[in-house]
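Notes follow once the structure below has been shown.
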Amino acid sequence: MNTFVALDVGGTSMKGGLVAADGALVAAEARPTGRERGPDAVVGEILAFAEHLAAASPGGPPAAAGIAVPGIVDEAAGTAVYAANLGWRDVPLRDLLAARLGMPVGVGHDVRTGGLGEAAYGAGRGRGDFLFVPLGTGIAAAVVIGDSPYPGTTGAGGEIGHMVVRPGGEPCPCGQRGCLEVYASAAALPRRYGDTALGAEDVLARAEAGDRKAQRVWDEALDALADALTAATMLLDPAVVVLGGGLAESGDRLLVPLTARLADRFTFRAPPPLARAALGHRAGMFGASILAERAWQSSRAPV
Ligand SMILES: [Zn+2]
């Protein structure tokens with residue numbers, strides 16, 4: 001059975017693995033991204049990590065490699081067009097990796113690739129059309145249609161975090177005001193509570209312990225999320241909304257009040273069910289193995 005090198009590159013760490021064609025995880029490892037050493041050094045780290053993983057494949061060389069990266073990604077060209085937190089502009093990742101590893105390579109956007117992972121092996125399996133929404137330091141979505149994440153015309157599809165849910169509201173670093181991300185991201189909770197030394201989980205714990213300010217911040221986050229998911233549902237009619245990222249780790253403490261808010265907002269139709277992502281922080285890595293498999297298949301297709 002084929003194995004694939006799968007890499008998910010984040011701002012601070014890279015998750016790498018070897019994944020068999022049936023989805024079995026053969027090996028997994030993490031390394032720091034090392035972005036403080038500059039954009040070229042990050043590319044060097046990725047190439048070395050991928051080579052290390054490929055060499056560790058037990059049953060001979062892997063068939064292909066897949067990599068998920070943040071920012072604006074041109075998946076057809078295999079290029080990382082722009083990634084602010086890695087300092088990248090127009091990095092031809094697919095060609096660089098293919099030259100280093102000597103195998104076909106697929107490149108994808110991190111959140112869309114996570115959606116691909118959840119579609120194949122996680123909470124979106126068998127659901128066809130669904131939304132995958134990781135709630136992390138930022139918020140983005142993969143709009144999965146027929147098991148494939150929709151990239152949009154410019155590769156910027158799914159930016160639900162910059163959907164304006166509070167017109168004229170608090171400023172967002174993107175330049176708009178009132179974006180979802182300003183109210184409901186893991187970074188927003190401590191900032192709006194007024195103590196950035198805390199994590200989002202701490203603010204949630206304080207809200208549950210009766211801290212009035214924390215309760216207000218948490219309620220406003222849930223309201224903003226419910227408004228954004230309502231708008232997205234009216235447009236897309238997803239079979240399920242799969243919530244991921246750090247905030248989804250809180251499980252029912254997020255899902256129960258959010259489900260209640262959706263029920264309040266929907267009048268003429270039922271809201272979509274909410275589910276917690278099944279693959280956790282490995283969604284991107286599993287999705288990258290699917291990118292690899294697709295790259296392998298297209299390399300075998302007759303021209
Ligand atoms: Zn914004």
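Structure notes:
- C-alpha center-to-center spacing [the range 174-224, the range 138-157] in angstrom: 26
- Annotation: extensible slack from residue 125 through residue 195 equals 21.3 nm (criterion: 0.36 nm per residue apart, minus Cα-Cα distance).
- Computed on the Cα trace of the range 236-289, the radius of gyration divided by the Kirkwood hydrodynamic radius gives Rg/Rh = 1.05.
- Between residue 33 and 13, 14, the built amide H atoms are under 5 Å apart, and every one of these is 5 or more places off in sequence or on another chain.
- In the distance distribution for the chain, Cα-Cα pairs more than 29 Å apart total 35 percent.
- Placed amide H near residue 163: partners under 5 Å, 5+ positions off or other chain: 180, 181
- One chain, two ends: residue 24 and residue 1. Fully extended at 0.36 nm per residue, the span grows by 7.2 nm beyond their Cα-Cα distance.
- Sequence-distant contacts, meaning Cα pairs under 8 Å at least 6 residues apart, place the relative contact order of the chain at 21 percent.
- Extension gain for residue 265-residue 216 works out to 15.7 nm (0.36 nm per residue, less the C-alpha to C-alpha distance).
- Distance between the pseudo-spin-label points of residue 12 and residue 31 (7 Å out from Cα toward the beta carbon): 1.9 nm.
- Counting only DSSP H runs of at least 4 residues, each contributing -39500 (n - 2.57), and dividing by the residue count of the chain, the helix-based mean residue ellipticity at 222 nm comes to -12000 deg cm²/dmol.
- Note on the range 126-278: the C-alpha convex hull projects to 9.3 nm² when averaged across all orientations.
- Hydrophobic, long helices, defined as DSSP H runs whose alpha-carbon span along the helix axis is 18 Å or greater and whose mean Kyte-Doolittle value is at least 0.5, occur in the chain at 39-55.
- Net charge of neighbours whose Cβ lies under 12 Å from the Cβ of residue 265, counting Lys and Arg as +1 and Asp and Glu as -1: -1
- In this structure the amide hydrogen of residue 276, modeled in the peptide plane, comes within under 5 Å of the amide hydrogens of 243, none closer than 5 places in sequence on its chain.
- When each of 15, 213 is scored by the number of other beta-carbon atoms lying within 10 Å, the sequence from fewest to most is 213, 15.
No lab work stands behind these numbers, since they all come straight from the coordinates. All of these numbers come straight from a predicted model, not from anything done at the bench. Methodologically, a virtual Cβ is constructed for each residue, glycine included, from the backbone with ideal geometry; neighbour enumeration extends over all protein chains shown.
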